[in-house]
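Peer 1: Mind having a look at this structure? Questions to follow.
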Amino acid sequence: MESIQIQGELLDVVWLMLCTALVLLMQPGFTCFESGLVRSKNNINVALKNVADFCVAGVSFWVVGFGLMYGTSINGLVGFDSFIFDVNGEHLLLSFFLFQMMFCGTATTIVAGAVAERMRFSGYLLCALLISAVIFPVSGHWIWNGLHFTDHGEGWLRELGFIDFAGGTVVHSVGGWLALAGIIILGPRLGRFNEAGKVQDIFGQNLPLSALGTFLLFFGWFGFNGGSLITPNETLPLVFANTALAACFGGVAALIFSWHLHSMRGIRYCLNGLLAGLVSITAGANVLSPHMAALVGFIGGIISVLVSHLLVHKKLDDVVDAVPVHLGGGIWGTLAVAIVGPLSAFDGATRSEQLITQFIGIVACGAWAFGVGYLVLSLVNRFYPLRVSPQTETIGLNYGEHGLKDELIDLMHQVDEMREQKEFDRTISFERGSENAAISIAYNHLLEAVNKEYRDREQNLLRMANLDPLTGIANRRMFDSEYESEWRRNQREGSGLGLMLIDVDHFKKYNDRYGHTLGDYCLQNICKALSDSLLRSSDTLARIGGEEFAVIIPNTTPTSLKQLAERLRGSVEDLRIPHADNELDIVTVSIGLSYVSTATTSDKSHFFDEADKALYKAKNGGRNRVVVFRDMRATG
């Protein structure tokens, strides 16, 4: 008999250790689920919070939490011994401690997702310490002390007959209440609601990762509910079946209900509905029939959608919908035990009496968890702000809180440097194969195209500023610039500089008779004839007035200058354009020339005046002539 008893206790230990491992698997489930629903700039921060809060929960639960929860009871309110728990050869008790430590870690980590993307890491650790060392153990003492170990007294809710099989209230509602306090104190994320109060969607970075986290939680929940039996018995299949059915019905209900509200955009609600179904069945998984478990899970999925909408309506920002799932599902599941549970599970109480007891337990735990949580966090927030700065929230908590620079941060820094240093033609550097490689390549291609377009426009504007719009040759602005440049060069080198002023003879009469359209056409033809007659690219032809042209001829001699002028005059004459004047039957030009070397004059304005005087003499001397200022001085 002693051997059978030892083997039975060993089986209980093995079962509890297996379930402990399954519940621990829920921690990576929470990590994946929450990391997938936040933006990439905050995913590392959320993952670190999930790891850190479990470590804090494990330490605090061993040091003080287990003693408060399962120590000798003081009037059913709190335990006062078994702190810094020791084994003393009680292997089953040690197994039970480890199992409950997993529950403590689960209750603690619920808050992480709700307050994600804006709560300080240090502030969150304080929150984790508060729930794992005080809030969870005390509420657990009220409900569970005396359930598994009868020699330490009973919690006051346990004495009333409150039923919570696996922690629908102790774990999930308590975590949900503190999560609600956190989101109220912190406020919504930047950009979650616009100035008009309208909700703005903020999409998570990886929904498939959240789906993986959901399945990990689903898998771990079998240990959560199954391990609460402590001793595996004939009830175990019912617990497992109820767990699975409630989860599936919760997911289907949320999918259908949210699909009706949001079409396919509500697909994320399916994940939360599944989890809400699991939370809803937790309080009564060992007593409800499979039919009732399916109903409880189905209603739990709907509740998760409704509570999520209620939070948005109240401008409360729960990033992963932890409050709708854990608080909404926990409250409903705890009440559902009295509403649809068998009378045989109530220890002689009527259904209405059990419902009142369940309601008292919900209110008491809610007042304790929310009241203490809100009071402590508000006091801390007054002296040590729990929320990060707007700048840190904008750049992301990965970098702002932990200094973990990702590719997006590096991209933002490069863009900021471009803006600050006004290097708008600088391309973005990147590593091949990185997440931002495609964005960087696309940006660089766009930048190249934009810069090319701006260069083309700039050149076009410059061309339009320097060229005559009618003839396409240099205008007066460009002429003055080239004139100044060639004058200075000639002063340095003394290679000889010629200036030619050309005027179309009797053009006003031509324009008056034939009109502006033919007048413009006439000027275009004259310009083309003059341009074709210039054999050197260094010579500059410009239109400096209505029918007046000028040619700058560097590196020339007086003889070459005169020969060129005669060629230009002849090219216009050869056009044989009919004229309106009776005396001249074709259009011609008069040309005035001036030549300068370093020995003649040092004033470029006089040089231009000399060419102008020569032109005046050519027009007065019968037109269709070439006059050189030097020859004009010689003839007096």
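Peer 1: With the requirement that a residue be under 32 Å from the mean Cα position of the chain (by Cα) and surrounded by fewer than 23 Cβ atoms within 10 Å (Cβ to Cβ), what does the range 125-161 give you?
Peer 2: Of everything in the range 125-161, those that are under 32 Å from the mean Cα position of the chain (by Cα) and surrounded by fewer than 23 Cβ atoms within 10 Å (Cβ to Cβ) turn out to be L125, L126, L129.
Peer 1: Separate question: Given the condition over 26 Å from S605 (Cα atoms), small (G, A, S) and in a helix (DSSP H, G or I), answer yes or no: does some residue in the range 419-434 qualify? Spell out the reasoning first.
Peer 2: To start, the set of residues in the range 419-434 that are over 26 Å from S605 (Cα atoms) comprises 419-434.
Next, from what is left, pick out any that are small (G, A, S): 429, 433-434.
When the remaining residues are screened for being in a helix (DSSP H, G or I), the result is none.
Among the residues of the range 419-434, not one is over 26 Å from S605 (Cα atoms), small (G, A, S) and in a helix (DSSP H, G or I), which makes the answer no.
Peer 1: Is it fair to say F224 is of a type in the set (F, W, Y), over 19 Å from S308 (Cβ atoms) and in contact with a helix residue (DSSP H, G or I) (Cβ under 9 Å, 6 or more places away or on another chain)? It would help to see each step written out before you state the result.
Peer 2: Numbers: of a type in the set (F, W, Y): yes; over 19 Å from S308 (Cβ atoms): yes; in contact with a helix residue (DSSP H, G or I) (Cβ under 9 Å, 6 or more places away or on another chain): yes.
Considered against the rule, which asks whether it is of a type in the set (F, W, Y), over 19 Å from S308 (Cβ atoms) and in contact with a helix residue (DSSP H, G or I) (Cβ under 9 Å, 6 or more places away or on another chain), F224 comes out as yes.
Peer 1: Under 6 Å between Cβ atoms, at least 6 apart or on separate chains: pull out the pairs that start in the range 381-408 with a residue that is aliphatic (A, V, I, L, M) and end on any residue that is in a helix (DSSP H, G or I).
Peer 2: L386/G123; L397/N42; L397/N45; L404/I44; L404/N398
Peer 1: Would you call Y454 farther than 22 Å from R118 by Cβ, part of a helix (DSSP H, G or I) and at pLDDT 80 or above?
Peer 2: Numbers: farther than 22 Å from R118 by Cβ: yes; part of a helix (DSSP H, G or I): yes; at pLDDT 80 or above: yes.
Yes.
Peer 1: State yes or no: is L68 of a type in the set (A, V, I, L, M) and more than 18 Å from G220 (Cβ to Cβ)?
Peer 2: Details: of a type in the set (A, V, I, L, M): yes; more than 18 Å from G220 (Cβ to Cβ): yes.
So L68 fits the description; yes.
Peer 1: Looking at the range 23-76 only, could you name the residues that are aliphatic (A, V, I, L, M) and more than 29 Å from T394 (Cβ to Cβ)?
Peer 2: Going through the range 23-76, the residues aliphatic (A, V, I, L, M) turn out to be 23-26, 37-38, 44, 46-48, 51-52, 56-57, 59, 63-64, 68-69, 74.
Passing the criteria: V23, L24, L25, M26, A57, V59, V63, V64, L68, M69, I74.
Peer 1: Is it true that some residue in the range 162-173 is at positive phi and surrounded by fewer than 24 Cβ atoms within 10 Å (Cβ to Cβ)? Step through it out loud before you land on a result.
Peer 2: Of the range 162-173, the ones at positive phi are 167.
The next check asks that each one be surrounded by fewer than 24 Cβ atoms within 10 Å (Cβ to Cβ); those that pass are none.
There is no residue in the range 162-173 that is at positive phi and surrounded by fewer than 24 Cβ atoms within 10 Å (Cβ to Cβ).
Peer 1: Test L217 against the stated conditions and say whether it is in the same structural domain as H309 (by TED's automatic domain parsing), at pLDDT 95 or above and surrounded by fewer than 16 Cβ atoms within 10 Å (Cβ to Cβ). Please lay out each step first, then the result.
Peer 2: Values: in the same structural domain as H309 (by TED's automatic domain parsing): yes; at pLDDT 95 or above: yes; surrounded by fewer than 16 Cβ atoms within 10 Å (Cβ to Cβ): no.
For L217, the condition - in the same structural domain as H309 (by TED's automatic domain parsing), at pLDDT 95 or above and surrounded by fewer than 16 Cβ atoms within 10 Å (Cβ to Cβ) - is not met.
Peer 1: If I362 passes every condition in (1) in the same structural domain as L180 (by TED's automatic domain parsing); (2) part of a loop (DSSP other than H, G, I, E, B) but one, which one does it miss?
Peer 2: (2)
Peer 1: Given the criteria in contact (Cβ under 8 Å) with a residue 40 or more places away in the chain and more than 19 Å from L615 (Cβ to Cβ), does Q459 qualify? Before you say what the answer is, go through the steps one by one.
Peer 2: Details: in contact (Cβ under 8 Å) with a residue 40 or more places away in the chain: no; more than 19 Å from L615 (Cβ to Cβ): yes.
No, not satisfied.
Peer 1: Here's something else I'd like to know. Determine which member of the set L335, L379 is of a type in the set (A, V, I, L, M), surrounded by fewer than 18 Cβ atoms within 10 Å (Cβ to Cβ), more than 30 Å from F203 (Cα to Cα) and at pLDDT 95 or above. Before the answer, list the steps.
Peer 2: On the way: L335 fails: surrounded by fewer than 18 Cβ atoms within 10 Å (Cβ to Cβ).
Every option except L379 fails the conditions.
Peer 1: Looking at I230, I202, which one is modelled with pLDDT under 95, surrounded by fewer than 19 Cβ atoms within 10 Å (Cβ to Cβ) and under 30 Å from I184 (Cβ atoms)? Lay out the reasoning, then the answer.
Peer 2: Details: I230 fails: under 30 Å from I184 (Cβ atoms).
Checking each option against the conditions leaves just I202.
Peer 1: Let me ask something else. Tell me yes or no: at least one residue of the range 296-309 is over 21 Å from V38 (Cβ atoms), crowded, with 18+ Cβ neighbours inside 10 Å and in contact with a Cys (Cβ under 9 Å, 6 or more places away or on another chain). Spell out how you get there, then give the answer.
Peer 2: From the range 296-309, those over 21 Å from V38 (Cβ atoms) are 296-303, 306; that's our starting set.
In the following step, the residues that additionally are crowded, with 18+ Cβ neighbours inside 10 Å were identified as 296-303.
When the remaining residues are screened for being in contact with a Cys (Cβ under 9 Å, 6 or more places away or on another chain), the result is 297, 301.
Checking the range 296-309: at least one residue is over 21 Å from V38 (Cβ atoms), crowded, with 18+ Cβ neighbours inside 10 Å and in contact with a Cys (Cβ under 9 Å, 6 or more places away or on another chain).
Peer 1: Go through the range 31-47 and count every residue that is touching a residue at least 24 places away in the same chain (Cβ under 8 Å), surrounded by fewer than 20 Cβ atoms within 10 Å (Cβ to Cβ) and closer than 21 Å to L126 by Cα.
Peer 2: 1
The values are calculated or read from the model by the stated rules, or taken from the named source; none is laboratory data. As the structure is a prediction and not an experimental result, all values here were calculated from the model. Cβ sites come from the backbone with ideal geometry, for glycine too, and all protein chains shown count toward neighbours.
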